[in-house]
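Engineer: So that we are looking at the same thing, I have put the structure below in structure tokens.
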2 protein chains.
Amino acid sequence: MAEQTIIYIGNKPFMNYVTAVAMQFTSQDAKEVVIKARGRYISRAVDVAEVVRKKFMAGQVDIKSISIDSEERQVDQTGKKRRISSIEIVLVKKQ
Amino acid sequence: MAEQTIIYIGNKPFMNYVTAVAMQFTSQDAKEVVIKARGRYISRAVDVAEVVRKKFMAGQVDIKSISIDSEERQVDQTGKKRRISSIEIVLVKKQ
């Protein structure tokens with residue numbers, strides 16, 4: 001039984017992530033699922049959390065915590081840096 | 001002196017939002033600034049919060065809270081609905 005599983009949001013089909021989160025809670029019996037994303041996938045991470053919470057597993061899952069952060073990353077050989085943001089949404093199964 | 005001001009993120013130039021938030025804290029002496037966004041602007045809202053927190057007003061501002069929500073909206077005359085997510089990031093001035 002996985003206590004806490006992490007799902008990284010990328011450019012796969014949206015419902016892949018929704019079903020992946022739901023499966024962790026159901027067939028893997030996870031207590032918590034962490035949705036992580038960076039950059040432009042942050043909006044998607046919020047969408048996934050909301051579709052799971054309000055539709056796919058309505059009434060069964062809560063948002064435990066949301067945190068954001070960012071780091072400066074070198075984007076090319078000239079040493080130019082850009083700040084990349086990230087989000088972490090922890091969903092928890094209702095007792 | 002504004003206690004809490006709301007900045008809605010849209011498609012204006014990125015730095016407009018960063019300076020708007022910073023100005024609320026400095027010239028308007030706001031204690032808290034709320035950054036709100038919907039849909040694809042959610043990633044931008046996180047970017048704005050992080051640039052203010054870590055660069056523009058480094059060491060002067062903290063994240064007080066982050067909340068997400070969503071609502072189903074009718075997208076056309078056929079009655080088709082789509083879920084639109086939103087985020088609310090509350091920044092607070094360090095005492």
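Engineer: Pop a pseudo-label 7 angstrom from the Cα along the beta-carbon direction at both A:Glu88 and B:Glu72 and give the gap in nm to one decimal.
Structural biologist: 3.3
Engineer: Using the Cα centre of chain B as origin and beta-carbon charges of +1 (Lys, Arg) and -1 (Asp, Glu), tell me which of B:Ile66, B:Ile87, B:Gln77 is placed farthest towards the positive end of the dipole.
Structural biologist: Sorting the options by dipole projection puts first B:Gln77.
Engineer: For chain A, find the longest principal axis of its Cα atoms and tell me its angle to the long axis of helix A:42-51, 0 to 90°, nearest 10.
Structural biologist: Helix A:42-51 sits roughly 10 degrees off the main axis of chain A.
Engineer: Right, another one. Please average, across the residues of A:35-41, the number of beta carbons from any other chain that are within 10 Å of each residue's own beta carbon, and give a whole number.
Structural biologist: Mean shielding by partner chains, rounded to a whole number: 2.
Engineer: Nearest 500 deg cm²/dmol is fine: what mean residue ellipticity at 222 nm does chain B get from its DSSP H runs of n ≥ 4 alone, each adding -39,500 (n - 2.57), divided by its residue count?
Structural biologist: Per the formula, -7000 deg cm²/dmol.
Engineer: For label points placed 7 Å from Cα toward Cβ, what is the shortest-first list of nm distances from B:Met23 to its copies?
Structural biologist: Going from nearest to farthest copy, the values are 5.0 nm.
Engineer: Work out the mean other chain Cβ neighbour count within 10 Å for the residues of B:48-59 and drop it here as an integer.
Structural biologist: 2
Engineer: Run the label-point distances for A:Arg82 please: 7 Å along Cα to Cβ, every other copy, nanometres, shortest first.
Structural biologist: Reported distances to equivalent positions: 2.5 nm.
Engineer: Charges at C-beta only: +1 for Lys and Arg, -1 for Asp and Glu. How large is the resulting dipole of the protein assembly as shown about its Cα centre, in Debye rounded to 20?
Structural biologist: 480
Engineer: Something else now. Cα-Cα over 22 Å: which of B:Lys12/B:Lys81; B:Lys36/B:Lys93; A:Lys31/B:Lys54; A:Lys81/B:Lys55?
Structural biologist: B:Lys12/B:Lys81; A:Lys31/B:Lys54
Engineer: How many angstrom lie between the Cα centre of region B:30-52 and the Cα centre of region A:2-52?
Structural biologist: Distance between centres, Cα-based: 22 Å.
Engineer: Which loop trypsin sites (Lys or Arg not before Pro) in chain A, with loop taken from DSSP, have no more than 13 other Cβ atoms within 10 angstrom of their Cβ?
Structural biologist: A:Lys80, A:Lys94
Engineer: Simple spin-label model, 7 Å along Cα-to-Cβ: B:Gln28 to A:Gln28 in nm?
Structural biologist: Result: 4.3 nm between the two label points.
Engineer: Can you tell me, using C-alpha contacts under 8 Å and at least 6 residues apart, the relative contact order of chain A as a whole percent?
Structural biologist: 31
Engineer: Over region B:4-93, what is the percentage of antiparallel beta bridges among all DSSP beta bridges, to the nearest 5?
Structural biologist: DSSP beta bridges in region B:4-93 are roughly 80 percent antiparallel.
Engineer: Moving to a separate point now. Calculate the mean, over all residues of peptide A:71-82, of how many other protein chain Cβ atoms lie within 10 angstrom of the residue's Cβ.
Structural biologist: The shielding value for this peptide is 0.
Taken together, the values in this text are just the output of simple stated rules run on the coordinates, not laboratory data. Bear in mind that the values here come from a model prediction, so they are computed numbers and not experimental data. Note that each Cβ is placed from the backbone with ideal geometry, even for glycine, and that neighbours are counted across all protein chains shown.
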